[in-house]
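Here the structure comes first, spelled out in structure tokens, and everything after it is commentary.
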Amino acid sequence: MKDNSLYNSVLKKDVNRITPENSMKMKFLSMGKDNYYWDEADFLVEYAIENGLQVHGHTLIWDNSVPDWMKNYETDADGWKQIMKDYIYTVVGRWRGKINSWDVVNEAIDDNGNIKQGFWYSKVGSDYIDLAFQYAHEADPDALLFYNDYGHEYSTTRLKAINKMLSEMKGRGVPVHGTGLQMHTSLKRAKYDLRNAVIESAKTGLLVHVSE
């Protein structure tokens, strides 16, 4: 993007929103407790503002993007909640009013339709998802907050489990506004499967975003 004039010309002409692939993931931002690397992400946000583009932030909490320092850090559940809260407040707060939507939690459901018992589940407990959305909403009350996951178009188990979780979150008053369908699909996928994924997701009453 920085040095590719053709890429820039196409982007400015045909795109109205950008999503960073890696630069806003936790392991790229968080270098240590209260130590952050902002350069790449700041560049993208300022580039978007200068060119009239929206930014969709990706992603705040994801088990596959835990920085090394956290893997070796020791504290109790309350301590981990505070770490997660501080991180979300810092990151979302930095671009408050500049990033209009976020993937708050990414890929928290396993292929059997259960909440993955990964890093954040093990450190905080099953309520880590609700807490992440609450913290993000507190950090920027005007931002749209999405849950992002894969498999809606090929796995009935995943589709039902994701939508059930989101409906229950809404029922608890969790500030979730949308669901992201990653749609890592192919030309061989039946159009019914794609249509069904969108229709069933829309039944949650949330915004539906084809995200990846």
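The values are calculated or read from the model by the stated rules, or taken from the named source; none is laboratory data. Since the model is a prediction, treat every value here as computed from it, not as a measurement. Note: ideal-geometry Cβ built from the backbone for every residue, glycine included; neighbour counts use all protein chains shown. Remember, those area values only see protein heavy atoms, side chains included, never the ligands or the DNA or RNA. Shrake-Rupley method; radii C 1.70, N 1.55, O 1.52, S 1.80 Å.
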All but one of (1) under 23 Å from Glu21 (Cα atoms); (2) of a type in the set (Ser, Thr, Tyr); (3) open to solvent by 10 Å² or more (accessible area, probe 1.4 Å) hold for Tyr147; state the number of the condition that does not hold. (3)
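Output yes when any residue across region 31-38 is part of a helix (DSSP H, G or I), over 22 Å from Thr179 (Cα atoms), modelled with pLDDT of 95 or more and open to solvent by less than 40 Å² (accessible area, probe 1.4 Å), and no when none is. Explain how you work it out, then say what you get.
The first filter runs over region 31-38 and keeps only residues part of a helix (DSSP H, G or I), leaving none.
Scanning region 31-38 turns up no residue that is part of a helix (DSSP H, G or I), over 22 Å from Thr179 (Cα atoms), modelled with pLDDT of 95 or more and open to solvent by less than 40 Å² (accessible area, probe 1.4 Å).
In this structure, is Lys2 assigned to a helix (DSSP H, G or I) and either surrounded by fewer than 19 Cβ atoms within 10 Å (Cβ to Cβ) or not hydrophobic (A, V, I, L, M, F, W, C) (or both)? If you could, list the steps in order and put the result at the bottom.
Details: assigned to a helix (DSSP H, G or I): no; either surrounded by fewer than 19 Cβ atoms within 10 Å (Cβ to Cβ) or not hydrophobic (A, V, I, L, M, F, W, C) (or both): yes.
No, not satisfied.
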The lone condition Ile162 fails out of (1) touching a helix residue (DSSP H, G or I) at 6+ places or on another chain (Cβ under 7 Å); (2) in a helix (DSSP H, G or I); (3) surrounded by 21 or more Cβ atoms within 10 Å (Cβ to Cβ) is (1)
If the Cβ limit is 9 Å and pairs must be 6+ apart or interchain, which residue in region 185-203 that is outside any helix (DSSP H, G or I) pairs with which residue that is surrounded by 15 or more Cβ atoms within 10 Å (Cβ to Cβ) and among the aromatic types (Phe, Trp, Tyr)? Thr185/Tyr154; Arg189/Tyr154
Considering only region 5-20, how many residues are in contact with a strand residue (DSSP E or B) (Cβ under 9 Å, 6 or more places away or on another chain) and part of a helix (DSSP H, G or I)? 1
Against the definition (open to solvent by less than 40 Å² (accessible area, probe 1.4 Å), of a type in the set (Phe, Trp, Tyr) and assigned to a helix (DSSP H, G or I)), how does Tyr87 come out, yes or no? yes
Tell me which residues, restricted to region 106-122, are touching a strand residue (DSSP E or B) at 6+ places or on another chain (Cβ under 7 Å) and either basic (Lys, Arg) or part of a loop (DSSP other than H, G, I, E, B) (or both). Glu107, Ala108, Lys116
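Is one or more of the residues making up region 106-124 out of contact with any Cys (no Cβ under 9 Å at 6 or more places or on another chain) and in contact (Cβ under 8 Å) with a residue 60 or more places away in the chain? Spell out how you get there, then give the answer.
Of all residues in region 106-124, those out of contact with any Cys (no Cβ under 9 Å at 6 or more places or on another chain) come to 106-124.
Now narrow it down to the ones that are in contact (Cβ under 8 Å) with a residue 60 or more places away in the chain: none.
So far as region 106-124 goes, no, none of its residues is out of contact with any Cys (no Cβ under 9 Å at 6 or more places or on another chain) and in contact (Cβ under 8 Å) with a residue 60 or more places away in the chain.
Conditions tested, residue by residue: (1) in a loop (DSSP other than H, G, I, E, B); (2) open to solvent by less than 70 Å² (accessible area, probe 1.4 Å); (3) in contact with a helix residue (DSSP H, G or I) (Cβ under 8 Å, 6 or more places away or on another chain); (4) modelled with pLDDT of 95 or more.
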position	(1), (2), (3), (4)
Asn22	yes, yes, yes, yes
Lys27	no, no, yes, yes
Asp42	no, yes, no, yes
Val45	no, yes, no, yes
His56	no, yes, no, yes
Thr59	no, yes, yes, yes
Apart from one, (1) surrounded by fewer than 17 Cβ atoms within 10 Å (Cβ to Cβ); (2) closer than 26 Å to Ser167 by Cα all hold for Leu131; the odd one out is (1)
